[in-house]
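Encoded as structure tokens, the structure appears first; notes follow it.
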Amino acid sequence: MSTLVSGEVVQQHNNRSSCWIIVHGKVYDVTEFLDEHPGGSKIILKYAGKDATEAYEPIHPPDAITTNLPKEKHLGTVDPNTIVQVVKEVTEADLRRKMLMEARPPLEEILNLHDFEAVAKVVLPEKAWAYYSSASDDEITIRENRLAYQRVWFRPRVLRDVSKVDWSTTILGQKSSLPVYISATALGKLGHPDGELNLTRAAGKHGVIQMIATLASCSFDEIVDAALPDQTFFLQLYVNRDREITKRYVQHAERRGVKALFITVDAPQLGRREKDMRLKLVGDDAGAEVQRGQDVPKDQGVARAISAFIDPSLSWDDIPWFKSITKMPIILKGISTAEDALLAYDAGVQGIVLSNHGGRQLDTARSGLEVLTEVTAALRARGVYPSRTFDIFVDGGVRRASDVLKALALGAKAVGVGRPFLYAFSAYGQEGVERAIQIFRDELEMNMRLLGVRTLDELRPEMVDASAIHSHVGTQPEDKLYNSTYQPLALAAFRSA
Ligand code: 173
């Protein structure tokens with residue numbers, strides 16, 4: 001039997017010398033934990049004496065507080081007869097968001113992936129939009145990810161009896177209804193209360209593979225528990241400084257049936273994402289009374305705080321260890337040069353993802369699509385391409401089935417799509433993700449017919465003209481849909497008087 005604590009009592013512990021908070025109906029004394037909190041004490045103090053569940057949920061695994069806080073600090077359950085006094089009040093922003101959600105375009109009017117982004121931009125809480133949409137530094141790479149696809153043109157073939165077309169494929173030995181997998185994105189509950197489960201349910205229903213993110217809002221087990229019996233998952237891994245933790249996590253995933261391990265190798269430190277950082281400064285200042293005068297680093301942001309465990313010392317020498325702890329195929333996610341692609345091949349992994357992390361890491365790194373052309377050339381020169389044992393994937397900037405077909409024609413086995421699915425569920429939940437999958441199907445059917453291919457095996461490098469792919473100058477048709485949702489970076493703002 002858990003002790004009942006009254007809401008009035010919780011409310012009295014509302015400061016640095018005694019700080020209690022409520023999470024999921026339980027009361028915790030976090031006074032001594034304040035300075036250990038990876039996200040800083042300020043954010044906790046904002047909820048001192050109050051219910052912090054809503055702020056806690058998107059960015060912590062469900063058991064973070066129970067495992068990090070000593071048992072004697074677990075004070076009991078809030079007396080339900082008093083909780084009404086400590087629940088969060090409904091803000092004006094909440095009401096506005098509710099109104100906007102009701103005025104969303106009906107799902108059947110969502111015709112392409114840009115539409116999801118446009119809706120998400122309006123209905124998402126400002127901080128969630130800033131976190132999801134932001135990219136590093138001047139955001140050149142995130143935009144180049146789109147432009148690169150426009151520098152590749154089709155060379156379609158005709159009169160090939162395209163009455164039947166089939167876009168299903170196999171990815172790392174697993175059946176997939178699309179040559180697209182759902183790539184890992186963090187913090188899904190910032191966008192929708194069900195978080196990544198929206199992806200899981202839609203992916204299961206439509207035979208699409210989901211890559212589970214280490215930093216998903218839902219726990220790994222919650223996601224796998226929500227799956228259909230034969231549903232396929234890949235795992236995205238951030239490598240912990242404590243390799244025992246990583247080993248347990250990887251082996252648990254393997255036991256639970258995950259089919260491939262994608263190790264992120266492009267994030268020894270998180271990129272500086274200024275949209276995200278700028279909003280944090282404004283937001284924190286607004287509620288900063290509790291910590292005035294304290295020397296708190298203000299530019300960290302959520303992602304920085306929760307990524308402190310990632311090991312920047314990770315190196316090629318670690319690959320044999322990963323091979324020793326798992327039988328899953330290992331794929332290195334975040335390769336950007338032919339040199340590293342060859343090293344990955346030599347290291348004996350089963351594949352690579354040519355990726356710049358959605359433009360969120362090294363700004364002015366090239367697009368995965370551009371890198372693909374140099375990687376296939378280098379592997380071919382070595383006499384090891386095409387290969388049955390080494391797959392190349394591409395992600396970043398994919399918004400159309402035509403993008404997918406270009407990447408496949410140039411040698412990718414499949415492409416990863418992250419943000420568009422995140423925006424789809426942020427705006428429309430599971431149904432949004434299903435609609436996004438349907439859009440890929442419709443576009444693939446049409447584009448394959450027009451390109452003159454009946455199956456994905458029939459795609460050839462000669463079906464595209466990629467001769468301009470390395471050219472980063474010149475005039476280009478403007479990508480109007482993309483540009484109309486692209487939100488320009490902002491400069492430092494004066495305080496309003
Ligand atoms: O791109 C990201 O935001 C990301 O990969 C990440 C890394 C650490 C914590 C949260 C997100």
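The values are calculated or read from the model by the stated rules, or taken from the named source; none is laboratory data. What you see is a predicted model, and the numbers here were worked out from it, not measured in a lab. So basically every Cβ, Gly included, is an ideal-geometry build from the backbone, and we count neighbours across all protein chains shown.
Does segment 393-431 hold any residues that are outside any helix (DSSP H, G or I) and either buried (at least 24 other Cβ atoms within 10 Å of the Cβ) or within 15 Å of the chain's Cα centre (by Cα) (or both), and which are they? Working first, answer last.
Of all residues in segment 393-431, those outside any helix (DSSP H, G or I) come to 393-400, 410-418.
The answer is Phe393, Val394, Asp395, Gly396, Gly397, Val398, Ala412, Ala414, Val415, Gly416, Val417, Gly418.
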What is the number of the single condition among (1) surrounded by 19 or more Cβ atoms within 10 Å (Cβ to Cβ); (2) over 23 Å from Arg256 (Cβ atoms); (3) away from the ligand (no atom under 16 Å from the Cβ) that Thr364 does not meet?
(1)
I need the strands (runs of 3 or more DSSP E) fully contained in segment 115-210, keeping only those with at least 1 residues that are touching a residue at least 12 places away in the same chain (Cβ under 8 Å), surrounded by 23 or more Cβ atoms within 10 Å (Cβ to Cβ) and away from the ligand (no atom under 16 Å from the Cβ).
180-182
Condition set charged (D, E, K, R) and within 17 Å of the chain's Cα centre (by Cα), scope segment 224-273, selection farthest from the ligand (Cβ to nearest atom): answer is Arg272
Number of the condition not met by Ser2 [criteria: (1) outside any helix (DSSP H, G or I); (2) more than 28 Å from the chain's Cα centre (by Cα); (3) under 28 Å from Ala128 (Cα atoms)]
(3)
If a residue has to be in contact (Cβ under 8 Å) with a residue 40 or more places away in the chain and either crowded, with 17+ Cβ neighbours inside 10 Å or of a type in the set (Asp, Glu) (or both) to count, how many in segment 7-38 make the cut?
13
Name the residue that is modelled with the lowest pLDDT, counting only residues in segment 286-330 that are among the β-branched types (Val, Ile, Thr) and within 16 Å of the ligand (Cβ to nearest atom).
Val302
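Going by the structure shown, is Phe234 at pLDDT 95 or above and assigned to a strand (DSSP E or B)?
Numbers: at pLDDT 95 or above: yes; assigned to a strand (DSSP E or B): yes.
Yes.
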Take the residues in segment 219-269 that are touching a helix residue (DSSP H, G or I) at 6+ places or on another chain (Cβ under 8 Å) and small (Gly, Ala, Ser), then tell me which one is farthest from Gln350 (Cα to Cα).
Ala226
Search result, residues across segment 347-359 that are under 22 Å from Ser315 (Cβ atoms), assigned to a loop (DSSP other than H, G, I, E, B) and within 16 Å of the ligand (Cβ to nearest atom):
Ser355, Asn356, His357
Taking only segment 212-223 into account, find how many residues are touching a Leu at 6+ places or on another chain (Cβ under 7 Å) and within 16 Å of the ligand (Cβ to nearest atom).
5
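Of all residues in segment 448-474 being without any contact (Cβ under 8 Å) to a residue 12 or more places away in the chain and in a helix (DSSP H, G or I), which is surrounded by the most Cβ atoms within 10 Å (Cβ to Cβ)?
Glu458
For residues in segment 211-226 being out of contact with any Asp or Glu (no Cβ under 8 Å at 6 or more places or on another chain) and touching a residue at least 60 places away in the same chain (Cβ under 8 Å), which is nearest to Thr169 (Cα to Cα)?
Applying the first criterion (out of contact with any Asp or Glu (no Cβ under 8 Å at 6 or more places or on another chain)) to segment 211-226 yields 211, 214-215, 220-222, 224-226.
Remaining after also requiring touching a residue at least 60 places away in the same chain (Cβ under 8 Å): 211, 215, 222.
Numbers: Met211: 17, Leu215: 28, Glu222: 27 Å.
It comes out as Met211.
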